[in-house]
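Asker: I have a structure I would like to understand better, so I am pasting it below and will then ask my questions one at a time.
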Ligand code: GLY
Ligand code: MN
Ligand code: MN
C-alpha cells in the first residue's frame, strides 16, 4: 500500500456508529465505486466510494459491505463480499485482497467472495424487516452518471419489490462529519505534504514561470510523499485568472507584478487537504496587494475564532459576511451607500466575495456533513474567505483546514507560511 492505513479499530467504531442509528431488524448495503471508462480500453484511476471506505477501509473495486446488527447468526452481523483473485487477474493486475488481509484492514470477520452474494442475500432477506440502500445525497452531487450503489438499488427494488427500503445517506452524513482521532492524523499528513509542496513553490516562483510548472512542482512533492496526487483539480491562477473562481487550465505565464492564487491540496490515504495561498510572482507584495491580502487574512483569522461547538453554520456565514463588509469598507471597495442599500438576499460584500466561507472536509474535499445542526467537536471545516477585484487583475483567497475541539480548534495548516512577511522571507532567501 502506498499509504499508511488506519487501524481496523477505526472502522469497527464507524460500523458501530452506523448500527446505532439503524432501525431494528434492518441491514445496510454499501457498494464500491466503478472503475470509470474513458475511451477505447482506457479507464480512470480507481477512486473508492467514500462511504464503503469510511465503514471498512476497503480500497478495492467491486466490494460490497453488508451490516446487519440484528442478524441471527453472529457471522452475518458484518460481511464483506470481495472479488476473488483468479490466475488472469494475478498475471495482469496482481492479487486482490485475500480474506486474511481484508479482515486485518477492516475488522470484518466474515469475508465471502462476490460469487456468493446473491445466495447469502436471499437468506438474510428472509429474516430482515427492511434494507438500507445507499445513494450519493450530497447537496451538489452530480447525478448524470449512475453509481454502482444506484445500479444495485435498481436491481434490488426490482428483485425484492416488497422489501421496505430506508436511506443510509442521512446516517452516513451524520457519522462521517465527526472524525476519529486517527482520521484527523491522516488529514494532518495530507496537510503536512501540502505544506512541503508549498514551501518548494515559494523557492521556485519567479517572473516567467508557467502556472503548470508550479503545478508540476507541487505534484512532484505530493507523489514522492506517498500521496496519490491532488485531492481535487488544482487551481494555479496568476493575475486576472485568480478572479475566475474555477480556473483550472493552469496554462499562463506568471508575470512580474502579478499575484498567483494557488488552491491545492494533497490526498493522503484517501483523505483530503484543501489549502489556498496567494503569493507575489516577484517575491514582493505591492502596497495594494498587501492591503487586500491582509484584509482577507483578517477575515480568515476572525472567522476561525467563530467556529465552535454549538454554532450554526448559517449564522456563522452571516457573521463572516459582516466581517468581510467591514474589511471591504476599510480598503475602499465598498462605501457606506453600498451597505445602506444592500438586502439580506444580496449583501453588498457578495460583489467581491461570491462563495461560501467554510465547508466540511474529510474523505471528500467537499465532504458530507450536517449543515443545519450545531457544529460539534470532531467536525473539520475549511475557512476560505476571498476578495476578487476583476478591474485590478487581483484575486486573493486564503484557506486553512480547521478541526473543531470541545474548547477551541486545531488548525491543521497552522504551520504553513501565511503572513506577508513569512511569504516574502521564503521567496527572498
Ligand atoms: N478547492 C475547493 C474549495 O476550496 O472548496
Ligand atoms: Mn475549500
Ligand atoms: Mn480550496
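Asker: Going by C-beta contacts inside 10 Å, put 198, 230 in order with the fewest on the left.
Answerer: Ordered from fewest to most neighbouring Cβ atoms within 10 Å, 198, 230 come out as 230, 198.
Asker: By its C-alpha gyration tensor, with a ≥ b ≥ c as the square roots of the eigenvalues, how is region 1-111 shaped: rounded for a/c under 1.5, else prolate for a/b larger than b/c, else oblate?
Answerer: prolate
Asker: Ranked by Cβ crowding within 10 angstrom, fewest neighbours first, how are 404, 260 ordered?
Answerer: 404, 260
Asker: Additional query: If a/c stays under 1.5 just call it rounded; otherwise compare a/b with b/c (prolate if a/b is bigger, oblate if not). Do that for region 50-190, with a ≥ b ≥ c from the square roots of the Cα gyration tensor eigenvalues.
Answerer: rounded
Asker: Once you place label points 7 Å from the Cα toward the Cβ at residue 36 and residue 154, how far apart are they in nm?
Answerer: 1.8 nm
Asker: Classify region 247-324 from the C-alpha gyration tensor, please: rounded if a/c falls under 1.5, else prolate or oblate depending on whether a/b exceeds b/c.
Answerer: Since a/c reaches 1.5 but b/c is at least a/b, the shape of region 247-324 is classed as oblate.
Asker: Turning to a different aspect of this structure: Could you calculate the FRET efficiency of residue 391 with residue 127 from 1/(1 + (r/R0)^6), where r is the beta carbon distance between them and R0 is 60 Å, rounded to 0.05?
Answerer: The calculated FRET efficiency here is 0.35.
Asker: Could I ask something else about it? Once the Cα atoms of helix 211-224 and of the chain are each reduced to a long axis, what angle between those two axes, in degrees from 0 to 90 to the nearest 10, is obtained?
Answerer: Tilt of helix 211-224: around 40 degrees.
Asker: Provide the packing ranking of 70-76, 232-238, i.e. peptides ordered by the mean count of other C-beta atoms within 10 Å per residue, highest first.
Answerer: Listed from highest to lowest mean packing, they are 232-238, 70-76.
Asker: So, in Å, what gap is there between the alpha-carbon centers of region 92-126 and region 270-324?
Answerer: The two parts, judged by their Cα centres, are 46 Å apart.
Asker: Going 7 Å from the Cα of residue 101 toward and past its Cβ, which residues in region 27-60 have a backbone nitrogen under 12 Å from where you end up?
Answerer: 59-60
Asker: Using alpha carbon coordinates only, what is the Rg to Rh ratio of the chain, with Rh defined as the Kirkwood radius?
Answerer: 1.02
Asker: Rank by packing, highest mean first: peptides 38-44, 336-342, with packing defined as the count of other Cβ atoms within 10 Å averaged across residues.
Answerer: Packing proxy ranking, top to bottom: 336-342, 38-44.
Asker: What's the center-to-center distance, using Cα atoms, between region 33-87 and region 337-352 in Å?
Answerer: Their Cα centres are 48 Å away from one another.
Asker: Turning to a different aspect of this structure: Rank these for me by crowding, 164, 61, 391, going from fewest to most other beta carbons within 10 Å.
Answerer: Ranked by crowding around the Cβ, least crowded first: 391, 164, 61.
Asker: Continuing with the same structure: Among 134-146, 276-288, how do they line up from the highest to the lowest mean number of other beta-carbon atoms within 10 Å?
Answerer: Averaged packing, sorted descending, gives the order 276-288, 134-146.
Asker: Using only Cα atoms, find the angle between the long axis of helix 313-330 and the longest principal axis of the chain, and express it within 0 to 90 degrees, rounded to the nearest 10.
Answerer: 20 degrees
Asker: I'd like the orientation of helix 148-159 relative to the chain: the angle between its Cα long axis and the longest Cα principal axis, in ° from 0 to 90, rounded to 10.
Answerer: Roughly 40 degrees between the two axes.
Asker: What is the calculated FRET efficiency for residue 139 to residue 210, with r their C-beta to C-beta distance and R₀ = 41 Å, to the nearest 0.05?
Answerer: Once the sixth-power term is evaluated, E becomes 0.70.
Values in this text are rule-based calculations from the coordinates and carry no lab data. All values derive from a computational prediction rather than experimental measurement. Note: ideal-geometry Cβ built from the backbone for every residue, glycine included; neighbour counts use all protein chains shown.
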